[in-house]
1. Looking at 91, 124, 99, which is the one that is in the same structural domain as residue 173 (by TED's automatic domain parsing) and touching a helix residue (DSSP H, G or I) at 6+ places or on another chain (Cβ under 9 Å)?
2. Could you run through the stretch 99-141 and say how many residues are crowded, with 18+ Cβ neighbours inside 10 Å, in a loop (DSSP other than H, G, I, E, B) and at pLDDT below 95?
3. Select from the stretch 165-189 the residues that are free of Cβ contacts under 8 Å to residues at least 60 places away in the same chain and either within 16 Å of the chain's Cα centre (by Cα) or in a loop (DSSP other than H, G, I, E, B) (or both) and list them in ascending order.
4. Considering each residue of the stretch 23-74, count those that are in contact (Cβ under 8 Å) with a residue 24 or more places away in the chain, crowded, with 16+ Cβ neighbours inside 10 Å and not in a strand (DSSP E or B), and give that number.
5. Could you please find all residues in the stretch 170-194 being surrounded by fewer than 14 Cβ atoms within 10 Å (Cβ to Cβ) and either within 15 Å of residue 101 (Cα to Cα) or modelled with pLDDT of 95 or more (or both)?
6. For residues that are at positive phi and either part of a helix (DSSP H, G or I) or not assigned by TED's automatic domain parsing to the domain that holds residue 200 (or both), tally how many sit in the stretch 142-164.
7. May I ask you to list the residues in the stretch 79-96 that are part of a loop (DSSP other than H, G, I, E, B), surrounded by 12 or more Cβ atoms within 10 Å (Cβ to Cβ) and out of contact with any strand residue (DSSP E or B) (no Cβ under 6 Å at 6 or more places or on another chain)?
8. Assess whether residue 12 counts as being surrounded by 19 or more Cβ atoms within 10 Å (Cβ to Cβ) and either at pLDDT below 90 or assigned to a strand (DSSP E or B) (or both).
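The values are calculated or read from the model by the stated rules, or taken from the named source; none is laboratory data. It should be emphasised that the depicted structure is a prediction, and the values quoted were computed from it without experimental measurement. All Cβ positions, glycine included, derive from the backbone under ideal geometry; neighbour counts span all protein chains shown.
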């Protein structure tokens, strides 16, 4: 296990506060040009710091081309898939060396490899990922080869008997991490956080497109 990533969590905390403000009907603005934006809007990822920025449509177009920004920024996509027949049994999950039941995996350009994180009361924690185990998982689930670097992730929920697997935009993972960090109480988290986590995955499943492995 690697220590919690504190600098990225500062961005996650801001991300959560912005979401709460939007829920309370407070106006939001593009963080690049200050243009007013609706509650549903795009996000831009700063690759080096993993900070997520709220952007208007014009700025999304302007900075969304990774080549145009020399790879410094990536526009977070909106693809959200429910991988309903994802192939992973208990030994394969154990081989990924994740100590908890919820984790997300993505290809990090700065690291030059796939990395794994899991939510914790202290924020996102990087787990030591055995890359051969990931390669075996990707061989069984070819859709993992299509993950856009830095901005799309495999999100796995095996907590409390669940078996859910999603391909999601990275900001969905950030939202879940912030939820757990802000709602966690005591040693086991408390009923409030687990009710919120269940609601999060219920909402995710309701809007994700069911997708099966290719024959």
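1. 124
2. 5
3. Answer for the stretch 165-189, where residues must be free of Cβ contacts under 8 Å to residues at least 60 places away in the same chain and either within 16 Å of the chain's Cα centre (by Cα) or in a loop (DSSP other than H, G, I, E, B) (or both): 186, 187, 188.
4. Summing the residues that are in contact (Cβ under 8 Å) with a residue 24 or more places away in the chain, crowded, with 16+ Cβ neighbours inside 10 Å and not in a strand (DSSP E or B) in the stretch 23-74 gives 8.
5. Residues of the stretch 170-194 surrounded by fewer than 14 Cβ atoms within 10 Å (Cβ to Cβ): 185-188, 190-192.
Once the filter is applied, which keeps residues that are surrounded by fewer than 14 Cβ atoms within 10 Å (Cβ to Cβ) and either within 15 Å of residue 101 (Cα to Cα) or modelled with pLDDT of 95 or more (or both), the stretch 170-194 yields only 188.
6. Final tally of qualifying residues: 2.
7. 79, 87, 88, 96
8. yes
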